[in-house]
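Below: the structure, in structure tokens.
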Amino acid sequence: MIFTRYLYNADEVCYTFLECLIKNENLDECYFWIYEYFSSGFKEETWQFLWQVYYDFYALNFPRTKNNIIRNYKIFKKDDDFIHVMHVVKNLFRFVNKDDKKIIDYKIFMNRVYYSQKLVYLFKDKNYEDIEKYKCKTNYEKLLVKSIICNCDKSIAYYLKKNIDNDRLGLLLKKVCKNEIKSNKYYKNKYHVLLFEILNNNNNGKYYYKRENNEMKNLICKSDIPMSPIKLKSMFDISQIYKTLNFHRKYSISSHIGCFPLERFNYNLNEMFWYHWEYFAYNAPLWKKRFDKFKIKINDEKKCIDFLDDDELDEFYEQYNYEPDEQSLETQQKSTLPIKKKSYKKWINILFN
């Protein structure tokens with residue numbers, strides 16, 4: 001489990017951001033969640049998660065939006081500015097409902113997280129003569145080719161997973177798809193990219209993105225960044241450390257994200273938040289950097305951070321004693337509210353009716 005800058009659970013920050021983006025109701029809240037993750041030191045992870053969101057829900061209908069993400073990422077690598085993340089989020093947020101129907105698609109998502117793990121379709125036709133020309137060497141290769149020829153998404157997801165470490169996979173897909181299977185050097189999840197490329201092979205795709213004109217660019221500026229240093233300087237008395245969480249926790253995590261494998265399900269979350277927050281915050285790059293300025297020892301048995309010098313301990317808490325156990329119930333439950341486990345299908349039904 002990892003606590004972020006303001007002691008949210010990192011995985012829940014990401015999934016709440018995803019839900020806000022799909023709901024398409026509050027762009028500022030989308031910015032809030034993605035900035036909470038980014039500012040906790042997960043910069044490259046933020047871009048990887050944006051790629052995951054894109055391929056899961058947007059890529060089938062908006063394949064050329066990939067170029068927009070790449071362009072913003074390249075600029076980010078030069079200036080390390082969060083504003084480029086905001087441009088990507090804003091662009092995805094623009095894909096709104098059309099005629100009361102969502103024009104984003106969850107087919108890739110369900111295939112990646114669910115059907116890739118479960119064999120739910122068996123071919124009634126056991127004749128493999130139509131795939132002999134592909135010279136498959138294993139049964140899994142045959143079944144993947146058969147799945148693609150039959151255009152069976154669920155079995156494609158399953159057998160692609162079985163072949164993902166196969167050195168012959170790229171050549172095999174090029175032959176059976178009769179098209180170039182593009183890679184994405186900016187996204188580390190090879191399976192996700194290939195799943196999209198196969199399912200998109202016969203999909204013309206729609207393209208709603210337009211190049212940002214000056215008016216669009218002016219809609220995002222430094223002062224728009226959630227709780228940026230510009231805002232902090234004029235809005236917050238940093239000497240009142242115990243008020244930090246009350247002031248900065250603007251939104252609550254979603255209670256609907258129990259379909260995901262949340263880290264909280266492995267712990268007593270309230271106890272960890274009240275009495276062991278330092279131990280779990282240390283897993284975030286931002287907090288690790290803060291702690292490593294002092295002489296400390298990680299105590300895995302007691303789940304705490306031991307300071308080897310009392311003066312340094314006092315110095316640390318003068319800066320970061322957020323006192324989570326002393327916050328109001330409302331402030332605490334913005335990260336600790338109960339979340340019940342549920343299926344992916346129920347979560348999809350909530351978002352897509």
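The values are calculated or read from the model by the stated rules, or taken from the named source; none is laboratory data. If you're wondering where the values come from, they're calculated on a predicted model, not measured in any experiment. Glycine also receives a Cβ, built like all others from the backbone with ideal geometry; neighbour counts cover every protein chain displayed.
Points to keep in mind about this one:
- Among (1) modelled with pLDDT of 90 or more; (2) under 22 Å from the mean Cα position of the chain (by Cα), the one test that Tyr159 misses: (2)
- Residue that is under 30 Å from the mean Cα position of the chain (by Cα) and surrounded by 18 or more Cβ atoms within 10 Å (Cβ to Cβ), where the choices are Phe280, Phe307: Phe280
- Asn179 meets each of the listed conditions (1) closer than 18 Å to Tyr106 by Cα; (2) assigned to a loop (DSSP other than H, G, I, E, B) apart from (1).
- Condition check for Gln332: closer than 23 Å to Ile34 by Cα and in contact (Cβ under 8 Å) with a residue 40 or more places away in the chain: yes
- Single unsatisfied condition, Ala59 versus (1) touching a Leu at 6+ places or on another chain (Cβ under 6 Å); (2) over 21 Å from Ile225 (Cα atoms): (1)
- All conditions in (1) within 30 Å of Thr244 (Cβ to Cβ); (2) crowded, with 21+ Cβ neighbours inside 10 Å hold for Glu45, with the sole exception of (2).
- Screening Arg264 against (1) under 13 Å from Phe3 (Cβ atoms); (2) at pLDDT below 95 leaves a single unmet condition, (2).
- When residues of the stretch 283-297 are limited to those that are closer than 20 Å to Asp11 by Cα and either at pLDDT below 95 or aliphatic (A, V, I, L, M) (or both), the one surrounded by the fewest Cβ atoms within 10 Å (Cβ to Cβ): Leu286
- If you go through the stretch 314-336 and keep only what is surrounded by 14 or more Cβ atoms within 10 Å (Cβ to Cβ) and farther than 15 Å from Ile241 by Cα, you end up with Gln332, Gln333, Lys334, Ser335, Thr336.
- Restricting Phe76, Phe42, Phe57, Phe62 to residues that are within 21 Å of Asn9 (Cα to Cα) and not assigned by TED's automatic domain parsing to the domain that holds Asn111 narrows the list to Phe42.
- Qualifying residue in the stretch 134-142 (condition: over 30 Å from Thr65 (Cα atoms), surrounded by fewer than 12 Cβ atoms within 10 Å (Cβ to Cβ) and under 29 Å from the mean Cα position of the chain (by Cα)): no
- Selection of the stretch 6-60 for residues being part of a loop (DSSP other than H, G, I, E, B) and either under 12 Å from the mean Cα position of the chain (by Cα) or closer than 15 Å to Val85 by Cβ (or both) yields Ser40, Gly41, Phe42.
- Any hit, the stretch 110-118, residues being in a loop (DSSP other than H, G, I, E, B), surrounded by 12 or more Cβ atoms within 10 Å (Cβ to Cβ) and over 27 Å from the mean Cα position of the chain (by Cα): no
- Filter pass, Ile198 being within 25 Å of the chain's Cα centre (by Cα) and at pLDDT below 95: yes
- Of the residues making up the stretch 54-94, those that are in contact with a helix residue (DSSP H, G or I) (Cβ under 9 Å, 6 or more places away or on another chain) and acidic (Asp, Glu) are Asp56, Asp80, Asp81.
- Checked across the stretch 60-75, the condition of being touching a His at 6+ places or on another chain (Cβ under 6 Å) and closer than 14 Å to Lys182 by Cβ holds for no residue.
- All positions within the stretch 256-305 that are touching a Lys or Arg at 6+ places or on another chain (Cβ under 8 Å) and among the small types (Gly, Ala, Ser): Gly258, Ala284
- Taken over the stretch 164-176, residues that are assigned to a helix (DSSP H, G or I) and farther than 16 Å from Leu199 by Cα amount to 1.
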